[in-house]
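Below is one structure, written out as structure tokens, with a few remarks after it.
The values are calculated or read from the model by the stated rules, or taken from the named source; none is laboratory data. These numbers were taken from a predicted model, which means no experiment stands behind them. Because the Cβ atoms are built from the backbone with ideal geometry, glycine has one as well, and the counts that use them run over all protein chains shown. In case anyone asks, the SASA skips ligands and DNA or RNA and just uses the protein heavy atoms, side chains included. Shrake-Rupley method; radii C 1.70, N 1.55, O 1.52, S 1.80 Å.
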Amino acid sequence: MTNKIKDILNKQINEEFYSSYLYLALAAFLEKQGLKGAANWMNIQAKEENDHALGFYRFLLDRNEEPVLEAIAKPDLSNIKNIKDVFNAGLKHEQHITACISNIHQLAKEEKDSALESFIKWYVDEQVEEEANAIEILDKLNLAGHEGSVIYMIDQELKARTYIPSGPYAAAA
Ligand code: MG
């Protein structure tokens with residue numbers, strides 16, 4: 001494995017753990033607002049991001065490389081005032097992650113690393129779903145506006161989400 005690839009994969013471990021950290025912080029914000037359903041959704045999102053980080057960790061080890069675990073940044077929630085801000089922040093973050101994954105895919109092709117190209121495909125597909133999920137919830141929140149009873153209904157709906165292990169190795173685990 002080239003140093004360039006090793007670096008980008010270690011950086012992505014940090015990106016995914018940061019995602020988990022961000023969603024955990026957003027879950028806490030939502031729970032403090034009394035939105036336990038939305039908090040549940042975010043908590044599960046955080047768990048899935050942890051799985052995504054471990055996917056890169058496992059791939060490095062399987063390729064006989066040692067993963068490097070750098071410090072995780074503190075999530076900045078200073079611009080988050082309500083549930084709509086939360087899901088807007090989530091969508092913006094997922095768009096950033098999509099760009100990161102796309103860069104890894106591009107590098108795999110440039111460096112002719114077929115194993116990485118195959119591995120990263122799972123993440124490419126996952127990002128389409130991640131953005132679609134965030135947009136779907138945002139659409140509902142936009143329809144609800146400031147209607148508390150509708151936001152309550154959306155919160156009830158988000159309570160139904162359950163955790164399913166996520167990542168390229170989840171099915172085999
Ligand atoms: Mg992820």
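List of remarks:
- Residues (open to solvent by less than 50 Å² (accessible area, probe 1.4 Å) and over 17 Å from Asp62 (Cβ atoms)) located in region 106-118: Leu107
- Number of the exception - Glu94 against (1) away from the ligand (no atom under 16 Å from the Cβ); (2) in contact with an Asp or Glu (Cβ under 9 Å, 6 or more places away or on another chain); (3) not hydrophobic (A, V, I, L, M, F, W, C): (1)
- For region 119-167, a residue qualifies if it is within 30 Å of Ala108 (Cα to Cα), without any contact (Cβ under 8 Å) to a residue 40 or more places away in the chain and open to solvent by less than 20 Å² (accessible area, probe 1.4 Å), and the qualifying residues are Ile120, Gln127, Glu130.
- Members of region 21-34 that are buried (at least 22 other Cβ atoms within 10 Å of the Cβ) and under 14 Å from the mean Cα position of the chain (by Cα): Leu22, Tyr23, Leu26, Ala27
- Among the numbered conditions (1) in a helix (DSSP H, G or I); (2) surrounded by 15 or more Cβ atoms within 10 Å (Cβ to Cβ); (3) not charged (D, E, K, R), the only one that Leu61 does not meet is (2).
- In region 49-57, the condition of being within 25 Å of Asp139 (Cβ to Cβ) and within 12 Å of the chain's Cα centre (by Cα) is met by at least one residue.
- Leading residue by the ranking (least open to solvent (accessible area, probe 1.4 Å)) among those in region 35-50 that are over 19 Å from Glu129 (Cβ atoms) and touching a residue at least 24 places away in the same chain (Cβ under 8 Å): Gly37
- Among the residues making up region 4-43, a single one is within 16 Å of the ligand (Cβ to nearest atom), more than 18 Å from Ser166 (Cα to Cα) and of a type in the set (D, E, K, R): Lys11.
- When Lys74, Lys112, Lys92 are checked against the criterion of being of a type in the set (Lys, Arg) and either at pLDDT below 95 or in a helix (DSSP H, G or I) (or both), a single residue qualifies: Lys92.
- Within region 7-34, no residue that is in a helix (DSSP H, G or I) sits with its Cβ atom under 9 Å from a residue that is open to solvent by less than 20 Å² (accessible area, probe 1.4 Å) and at pLDDT below 95 at 6+ positions apart or across chains.
- Checked against the criterion of being within 16 Å of the ligand (Cβ to nearest atom) and in a loop (DSSP other than H, G, I, E, B), the candidates Tyr169, Tyr123 yield just one match: Tyr169.
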